[in-house]
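Here is the structure we will look at, set down as structure tokens.
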Amino acid sequence: MRSIRYWPLWLFWCCFASLGEPIPLSQSLINQGLTGYAEVLEDETGQLTFSDIQQPQYQAQFQAFTPADINRGITRSHYWLKFAIRNDSQTPLVWVLTPETSYIDDLDLYVGHNGSWVHQHRSDQQPFSMRDLSYRLLNFRVNIGPNEQQYGYLKISNRTLETVSIQTYISEQSAFSDYLIKENLLFGVYYGLFFGMAIFAFSLWLYSGVRTSPYYGYFFIYLSWSMLMWGSLNGFNFQFLWPNHPWLFNQTFHLIYLLVAIFAFQFSRHLLGTKTLVPKLDKLLLALIGIYCGAFVLRLFGEYELVLYVSFFSLLSMAINPIVGWLCYRQGNRYVIFYIAAWVPYSLSLVVSLTSASSDGWSRFGMSTLHLTQVAVLFECIMLILAMLTKMRHSSHQLQAEAELSMVDPLTQLKNRRFIEQCTEEFKHAKEQHVELWVLLIDLDYFKRVNDEHGHAVGDQILVELAQILKSECRSVDVAARWGGEEFIIISTVVNHQMAHIVAERIRRLFANRTSQIGNKDIAHTLSIGLAQWHIDHNQEFAECLQQADQALYQAKQNGRDQVVSYNGIKLTANSPQTKTP
């Protein structure tokens, strides 16, 4: 009878006799991994119970838990971890057990002491409020007495096909609480930067125009879904966004992966202009987007396993973005340097993390590569903002160059009529400088006859020669422009009418004295100038001043051409000055 009474203790001792050193619990213990302390058993059928694994045939299958065993890849298997923990202090302590990832469906903890076992169950199918600690990951809290050693079995299981990491950590509760303060501060800064960049991207989108610069909008959406993706992977979405809706937390992982990839490619297409620069690659990106949209719809209708693999592939496919950027750079898109710099580290970390998560035993570093990817995505978003700002500056310079080109006459390289009409406000500073503005309206004499007799090419050459004279005679404060056809205009800043007339007369004489040589022919030409003062001090409109200069020009034509006539001023012919009021 006595042997029957003590058989549970004997069985208990046999189960843990081969186990390594127990985890030494102290008030400073924080995130002690079970690797090196525990043994692991894989249950490929998912049918083993706690009573089953205590049988000798299953106890013999437990193997030392090493770093190479942490990542189990995509699997349906359940896993059992066997470990011991000891409190060598003279005070009772509380230890906390947490997994490494947020996407574990169920944890079952069996804690034994002197042959008796206590079972606790935690699941992400339960509301968040049912957790022992208000922590982003599943957790257990267990009391242990002074100088006490406890033994534990931990069952890790998923209800569907999923990537599995079986690393778990032991911490002392007070040390864990101090650790949470630092962790929450770090994540607060991390997501604060994310949120700040999202607001900045949204502001750029509104500022630049919703339709004119769609890549700002796609980046904002991509950034928002990326923030939600990392919120799900870190467990914060369940903790803060939908704590009472476990199904929403569990069913949105793969949908978010797909949306991140979709908007990453849409952003890249519009930022880089792949449709124009690399049309074949643009079609490939559109095809991938179509596949991911189809997978998204399939998931809404209940398909799981196919969407699981497609969603992982969608994240992996984003590693082609540096290649896309490089091909666009080779096509002359020079502002994509920041884009390439953004995607290279993120793509490499994505490949390593996804390969590690989906491959059995490929990585000895557990999910630490995932932390590297989180840092890389933050760097990526900062660099992508710089890429967008660089494109904005490039586009601004391009628009400015186009605007300046639109205000230049292509034949004479003088300013054109549009420039004069848009810059008349800038001349109103003359009122404060106590100088006068004079408008010189110039028209070539008998220019139609030149075109008819010698051809338009000769006429164009004469216009170019006049433009060269105007450039040489005008100062930096003056503006010379081709007004239209054979008409030119000068807005000159001078101290009085006499100086304005001297400028006009010098231009008339230079043009008349310089014949144009066309082959063996010398072609003589003259011009007439109408001169009018722009009374800025009396708030005179430019249109009124221009009309007065046109009247003076008309009078010069009527008087015989090849002369300067001032509106309400002095008229001088080529040979003798005389006073004339039109």
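The values are calculated or read from the model by the stated rules, or taken from the named source; none is laboratory data. Because the structure is a prediction, the values reported are computed rather than measured. Backbone-built Cβ (ideal geometry, glycine too); neighbour counts: all protein chains shown. Note: areas computed on protein heavy atoms with side chains; ligands, DNA, RNA excluded. Shrake-Rupley method; radii C 1.70, N 1.55, O 1.52, S 1.80 Å.
Annotation note: Cβ proximity below 8 Å between a residue of region 493-505 that is within 11 Å of residue 435 (Cα to Cα) and modelled with pLDDT under 90 and a residue that is of a type outside the set (Lys, Arg) and in a helix (DSSP H, G or I) (sequence gap 6+ or interchain) occurs for 493/427; 493/430; 493/433; 494/500; 494/503. Looking at region 37-99, the strands (runs of 3 or more DSSP E) lying wholly inside it that each contain 2 or more residues that are more than 29 Å from residue 305 (Cα to Cα) sit at 78-87, 93-99. Close contacts from region 516-540, counting a first residue that is open to solvent by less than 80 Å² (accessible area, probe 1.4 Å) and a second that is part of a loop (DSSP other than H, G, I, E, B) and among the aliphatic types (A, V, I, L, M), with Cβ to Cβ under 9 Å and a gap of 6+ residues or different chains, come to 516/524; 526/574. Residues in region 274-300 that are in contact with a helix residue (DSSP H, G or I) (Cβ under 8 Å, 6 or more places away or on another chain) and among the basic types (Lys, Arg) were compared, and the one that is most open to solvent (accessible area, probe 1.4 Å) is 275. Within region 208-215, at least one residue is farther than 30 Å from residue 51 by Cβ and crowded, with 18+ Cβ neighbours inside 10 Å. Selection within region 245-273: residues that are modelled with pLDDT of 95 or more and among the polar types (S, T, N, Q). The member of this set that is surrounded by the fewest Cβ atoms within 10 Å (Cβ to Cβ) is 266. Here is the figure for region 46-55: residues that are open to solvent by 70 Å² or more (accessible area, probe 1.4 Å) and touching a residue at least 24 places away in the same chain (Cβ under 8 Å) total 0. Please give the number of the condition residue 320 fails out of (1) modelled with pLDDT of 95 or more; (2) under 19 Å from the mean Cα position of the chain (by Cα); (3) surrounded by 20 or more Cβ atoms within 10 Å (Cβ to Cβ). Going through (1) modelled with pLDDT of 95 or more; (2) under 19 Å from the mean Cα position of the chain (by Cα); (3) surrounded by 20 or more Cβ atoms within 10 Å (Cβ to Cβ) one by one, residue 320 breaks only (3). Could you tell me whether any residue of region 474-495 is open to solvent by less than 70 Å² (accessible area, probe 1.4 Å), in contact with a His (Cβ under 8 Å, 6 or more places away or on another chain) and in a loop (DSSP other than H, G, I, E, B)? So far as region 474-495 goes, no, none of its residues is open to solvent by less than 70 Å² (accessible area, probe 1.4 Å), in contact with a His (Cβ under 8 Å, 6 or more places away or on another chain) and in a loop (DSSP other than H, G, I, E, B).
Please work out if residue 297 is more than 23 Å from the chain's Cα centre (by Cα) and at pLDDT 95 or above.
Yes; evaluated as a whole, the condition is true for this residue.
Of the numbered criteria (1) at pLDDT 95 or above; (2) open to solvent by 60 Å² or more (accessible area, probe 1.4 Å), the one residue 18 fails is (1). In region 347-369, the residue that is most open to solvent (accessible area, probe 1.4 Å) out of those that are modelled with pLDDT of 85 or more and out of contact with any Phe, Trp or Tyr (no Cβ under 7 Å at 6 or more places or on another chain) is 348. The residue that is nearest to residue 248 (Cα to Cα), among those in region 100-115 that are part of a strand (DSSP E or B) and in contact (Cβ under 8 Å) with a residue 40 or more places away in the chain, is 106. The residue that is surrounded by the fewest Cβ atoms within 10 Å (Cβ to Cβ), counting only those in region 218-236 that are in contact with a Lys or Arg (Cβ under 9 Å, 6 or more places away or on another chain) and part of a helix (DSSP H, G or I), is 236.
Surrounded by 18 or more Cβ atoms within 10 Å (Cβ to Cβ), modelled with pLDDT of 95 or more, more than 21 Å from residue 175 (Cα to Cα) and not aliphatic (A, V, I, L, M): is that true of residue 103 in this structure?
Considered against the rule, which asks whether it is surrounded by 18 or more Cβ atoms within 10 Å (Cβ to Cβ), modelled with pLDDT of 95 or more, more than 21 Å from residue 175 (Cα to Cα) and not aliphatic (A, V, I, L, M), residue 103 comes out as no.
When restricted to residues that are touching a residue at least 24 places away in the same chain (Cβ under 8 Å) and of a type in the set (Val, Ile, Thr), region 285-319 contains 3.
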